[in-house]
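Asks: Structure provided below as structure tokens; questions to follow.
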Amino acid sequence: MSAISKPSDTLAFEPVLTRYIGKKDSHTLDFYLSHGGYDAAKRVVRDYKPDEVIDAVKKSGLRGRGGAGFPCGLKWSFVPKKTDKPKYLVCNADESEPGTFKDRVINEEDPHQLLEGILITCWAVGIETAYIYIRGEMWRGAQRLKAAIDEAYAKGYLGKKIFGKKFNLDVTVHRGAGAYICGEETGMLSSLEGGRGYPKLKPPFPAVEGLFRCPTVVNNVETLANLPHIFNRGIEWYRSIGTEESPGPKLFCVSGHVNKPGVYERPLGIPLRELIYDVCGGIPGDRGIRAVIPGGSSAPFLGPDELDTPMSYEGLKDAGSMLGSAGVIVLDDTTDLLSALLNVGKFYHHESCGQCTPCREGCGWVEKILQRMHDGRGRSEDIDLVDEICNQMVGKTICVLSDALAMPAQSVLKKFRPELEKLIAQGRPDVLCELAREPSPAL
Amino acid sequence: MSRELSPEAQKEFDWLVTRYPQREAAMLPTLRLIEREFGCIDPEGMKLCAQLIGCSPAKVFGVVTFYTHYKRETDGENVVYVCGTLPCALRGSDALADYLCDRVGIGLGETTEDRKITIKKVECLALCDQAPVCQVEDVDWLRVSKEKADEMLESLGIPKRETAGAAAGGEEKRS
């Protein structure tokens, strides 16, 4: 079998997760029910044993949509079956990876789809308490989710004896307060427990010892939203979308220098070029592409010669990058890469929680050196210096925040080295040294 | 005199703590409650939170200062958050922030003397297809051009400049 299997036909694809987005009242229970809503959850709870649900999700090949791409059913199966402790589900709606804005759409426009996914998960794993941890900045998503939960309780889809079975479930929306690190699963658990959002060492993994030191499943919004469809339309149908190793539909968030930025649902494996040119209408002014970040700002940059990369977990891994959250940021050929990388460096330095020295100091050092290069005070040894600092930041910390800066930084140093050397030699770069001189909204 | 929650807010708090098996887990939502009740979280608010949760004020202080989205007593009445992360930066958010600061007459991160407006940089607001983006309290301002920025400032009581062109229509903000 080839490492990268061919994706299903991307042109014939009909949206699954976003099929109702943009329709009037798509966020209400009435709308959801009139379109077959909660049918899958009802059927699963009435006809499936929990193990059968886990088995079906394993067979579907659903992989986590939050960033790591871990097989969802396998993650669930790590939760101990026999335990005296309560089990928890934490839905990760903290969407804060720069360039990612897909979960927002589900939370705001189709929250019942998420709740149905939560019901299926909790039935499968034997969970009676679920939390949706949503970013503090997403006030509308929190409102819509709370309203949807109220509707679901009123209808008996949450609460006690759901669908007439011995199945109780409480769901609570928990708002964050502005910290990127709370999107990291163990940081999220610390925050949910009422503390600073400090990530915790793994193992123990949350499935064994997570929230309140109890077995905990942490799943991304989009992952959970896939579940009703898998049970409505079957595993075979699900696996017919996407690639062998990355089945299913995916929400791609495209931003930066494209004519039609937005959230687009396409099969996993769609070539990056097709996404940029056919789906998003190409680059403004028909300019060329300098680089593309394919999976949120922590993904290594791709160069203009890598546009045929398939947008799947395995395709991007083979290209030395990652699908991550599928936040695709396109940088046209007028973009000063040093400014772009500096922006990324500032972000991670600001968001480092400060627990681990390689991250707390490393992100700061990288930012400072990039800043002096940007300001025309770069030294000839700076490229190697940043590279060496990055080597000390990867795999040496509790969580991967420091990797999330080191990886894109090293990709730029490697792929665009001559350009950076030229900038340093010139003292002041002769290219446009800001990313844009005017506020320039798309459309 | 120490602070108290209003009866309605107290009721909400009493419900909140039933949603978690440990009282301390209600910390973040309780801080939101206090923020809403008293307009910001100041040291008195932190003491109240500590009383309600049953922990030390130092613990609350540690939590509050970890997060950037709680309104503090040092913030102005309205906080203008300007997203400055890469997708917005590619669409001119640095220039937008400069423009806003220039018009309001303060630096980034500063508050006007009348304490009406604070302008802060914020990290990715997850509205990258609408870049550049600002958030003022519960309103997201999308695709913010200079004209749109003038309109935003006008909603905060800063009259438009006479030279500014007519603002574009369309759904460019939401509340």
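Asks: Helix-only mean residue ellipticity at 222 nm, chain B, DSSP H runs n ≥ 4 weighted -39,500 (n - 2.57), per residue, nearest 500. What is it?
Replies: After summing the helix terms and dividing by the residues of chain B, the value is -11500 deg cm²/dmol.
Asks: To the nearest Å, what is the center-to-center distance of the range A:338-405 and the range A:119-196, using C-alpha atoms only?
Replies: For the range A:338-405 versus the range A:119-196, the Cα centre distance is 35 Å.
Asks: For the range B:1-94, what does the accessible surface come to per residue with a 1.4 Å probe? Please give it in Å².
Replies: For the range B:1-94, the per-residue accessible area is 42 Å².
Asks: GNM, chain A, Cα, under 10 Å: largest mean-square fluctuation among A:Gly141, A:Gly324, A:Gly234?
Replies: Result: A:Gly234 has the largest fluctuation of those listed.
Asks: How much accessible surface area, in Å² rounded to 10, belongs to the heavy atoms of B:Ser6 with a 1.4 Å probe?
Replies: We get 30 Å² for B:Ser6.
Asks: Could you compute the FRET efficiency for A:Glu236 and A:Asp308, with r as their C-beta to C-beta distance and R0 at 45 Å, rounded to 0.05?
Replies: It comes out at approximately 0.95.
Asks: Report, to the nearest 10°, how far helix A:50-60 tilts away from the longest principal axis of the Cα atoms in chain A, using its own Cα long axis and a range of 0 to 90°.
Replies: Once rounded, one gets 40 degrees.
Asks: To continue, here is another question. What is the magnitude of the charge dipole of the range A:249-332 about its Cα centre, with +1 placed on the Cβ of each Lys and Arg, -1 on the Cβ of each Asp and Glu, and no other charges, expressed in debye to the nearest 20?
Replies: The dipole magnitude comes to about 220 debye.
Asks: Suppose we keep just the DSSP beta bridges with both residues in chain B; what percent of those would be antiparallel, to 5?
Replies: 55 percent
Asks: Further, regarding this structure: Dipole of the range A:29-239, Cα-centred, from +1 at each Lys and Arg C-beta and -1 at each Asp and Glu C-beta, to the nearest 20 debye?
Replies: In debye, rounded to 20, the range A:29-239 gives about 600.
Asks: Let me ask you something else. Cut-off 10 angstrom, C-alpha nodes, Gaussian network model of chain A. Which of A:Lys396, A:Lys202, A:Lys42 fluctuates the most?
Replies: Of A:Lys396, A:Lys202, A:Lys42, the most mobile in the Gaussian network model is A:Lys202.
Asks: For B:Lys121, what charge total do you get from the other residues with a beta carbon under 11 Å from its beta carbon, if Lys and Arg give +1 and Asp and Glu give -1?
Replies: It works out to a net charge of 0.
Asks: How many nm is it between the label spots at A:Arg213 and A:Lys24, if each spot is 7 Å from the Cα in line with the beta carbon?
Replies: 5.5 nm
Asks: Between the chain alone and the structure with every protein chain in place, find the residues of the range B:48-78 that drop at least 50 Å² of accessible area; heavy atoms, 1.4 Å probe.
Replies: The answer is B:Phe66, B:Tyr67, B:His69.
Asks: With the dipole of the protein assembly as shown worked out from charges on the C-beta (+1 for Lys and Arg, -1 for Asp and Glu) around the Cα centre, which of A:Ala436, A:Val53, A:Val386 lies farthest toward the positive end?
Replies: The residue sitting farthest along the positive end of the dipole is A:Val53.
Asks: Can you work out ³J(HN,Hα) from phi for every residue in the range A:134-146, in order, using Karplus 6.51 cos²θ - 1.76 cosθ + 1.60 and θ = phi - 60°, giving whole Hz and x for Gly and Pro?
Replies: Running phi through 6.51 cos²θ - 1.76 cosθ + 1.60 with θ = phi - 60° gives 10, 4, x, 6, 8, 5, 6, x, 5, 4, 5, 5, 4 Hz.
Asks: Please identify, among A:Thr243, A:Thr28, A:Thr121, the residue showing maximal mean-square fluctuation in a Gaussian network model of chain A using a 10 angstrom Cα cutoff.
Replies: Of A:Thr243, A:Thr28, A:Thr121, the most mobile in the Gaussian network model is A:Thr28.
Asks: Quick one: work out the % antiparallel among DSSP beta bridges in the protein assembly as shown, nearest 5.
Replies: 45 percent
Asks: With θ set to phi - 60° and the Karplus curve 6.51 cos²θ - 1.76 cosθ + 1.60, what are the ³J(HN,Hα) couplings of the range B:146-157 in order, to the nearest whole Hz, using x for Gly and Pro?
Replies: Along the range B:146-157, the couplings run 4, 5, 5, 5, 4, 5, 4, 5, 4, 5, 9, x Hz.
Asks: To continue, here is another question. Cα-Cα over 22 Å: which of A:Lys58/A:Lys102; A:Lys59/A:Lys250; A:Lys58/A:Lys250; A:Lys49/A:Lys250?
Replies: A:Lys58/A:Lys102; A:Lys49/A:Lys250
Asks: Related question: Residues with beta-carbon under 12 Å from that of A:Asp51, excluding A:Asp51: net charge, scoring Lys, Arg +1 and Asp, Glu -1?
Replies: Overall, the nearby charge balance is +1.
Asks: Another question, then. Put +1 on the Cβ of every Lys and Arg and -1 on every Asp and Glu Cβ in the protein assembly as shown; which of A:Gly269, B:Leu48, A:Tyr180 then has its Cα farthest towards the positive end of the dipole?
Replies: It is B:Leu48, whose Cα lies furthest towards the positive end.
Asks: Which residues does the label zone of B:Lys11 cover in the range A:131-147, counting backbone N under 19 Å from a point 7 Å along Cα→Cβ?
Replies: Answer for this model: A:147.
Asks: Follow-up question, since we're still on this one. Residues with amide H under 5 Å of A:Gly210's amide H, sequence separation 5 or more or different chain, H placed in the peptide plane at 1.01 Å from N; which?
Replies: It is A:Thr216, by chain and number.
Asks: A follow-up question, please. On a C-alpha basis, how far is the centre of the range B:110-158 from the centre of the range A:26-53 in Å? Whole number, if you could?
Replies: So the two Cα centres are separated by 40 Å.
Asks: To continue, here is another question. Give me the percent of accessible area attributable to carbon and sulfur for the protein assembly as shown, probe 1.4 angstrom.
Replies: 50 percent
Asks: Pairing rule first: another cysteine's C-beta must sit under 4.7 Å. Under that rule, which cysteines of chain B stay single?
Replies: B:Cys40, B:Cys49, B:Cys55, B:Cys101, B:Cys124, B:Cys128, B:Cys134
Asks: Near the amide H of A:Thr172, under 5 Å away, which other amide H atoms are found, from residues 5 or more places off or on another chain, if H is placed in the peptide plane?
Replies: A:Ala130, A:Tyr131, A:Ile132
Asks: May I ask for the longest run of chain A untouched by GluC sites (Glu not before Pro) that are loop-located per DSSP and have at most 14 neighbouring C-beta atoms (other than their own) within 10 Å?
Replies: Counting at most 14 other Cβ atoms within 10 Å as exposed, the longest clean stretch of chain A is A:129-380.
Asks: Averaged per residue, what accessible surface does chain A expose to a 1.4 Å probe, in Å²?
Replies: 37 Å²
Asks: Still on this model: Hey, got the dipole for the protein assembly as shown? About the Cα centre, +1 on K and R Cβ, -1 on D and E Cβ, debye to the nearest 20?
Replies: 1820 debye
Asks: Separate question: Could you state how much accessible area is buried at the B-A interface, both sides summed, with a 1.4 Å probe, in Å² to the nearest 100?
Replies: 4700 Å²
Asks: Among A:Val218, A:Pro300, A:Leu17, which residue has its Cα positioned farthest towards the positive end of the charge dipole of chain A, with +1 placed on the Cβ of Lys and Arg, -1 on the Cβ of Asp and Glu, and the dipole taken about the Cα centre?
Replies: After comparing all options, I get A:Val218.
Asks: Ordered by residue, what ³J(HN,Hα) values in Hz, to whole numbers, does the range A:372-381 give under the Karplus form 6.51 cos²θ - 1.76 cosθ + 1.60, where θ = phi - 60° and Gly and Pro are x?
Replies: So the J values, rounded to whole Hz, are 6, 4, 4, 7, x, 10, x, 10, 4, 8.
Asks: Report, by chain and number, residues whose modeled amide H sits under 5 Å from the one on A:Arg63, excluding near sequence neighbours (fewer than 5 apart, same chain).
Replies: Amide H neighbours of A:Arg63: A:Cys72.
The values are calculated or read from the model by the stated rules, or taken from the named source; none is laboratory data. A quick note: this is a predicted structure, and the numbers were derived from the prediction, not measured. As a convention, Cβ positions derive from the backbone with ideal geometry for all residues, glycine included, and neighbour counts pool all protein chains shown. Side chains included, ligands, DNA and RNA excluded: accessible areas come from the protein's heavy atoms. Shrake-Rupley method; radii C 1.70, N 1.55, O 1.52, S 1.80 Å.
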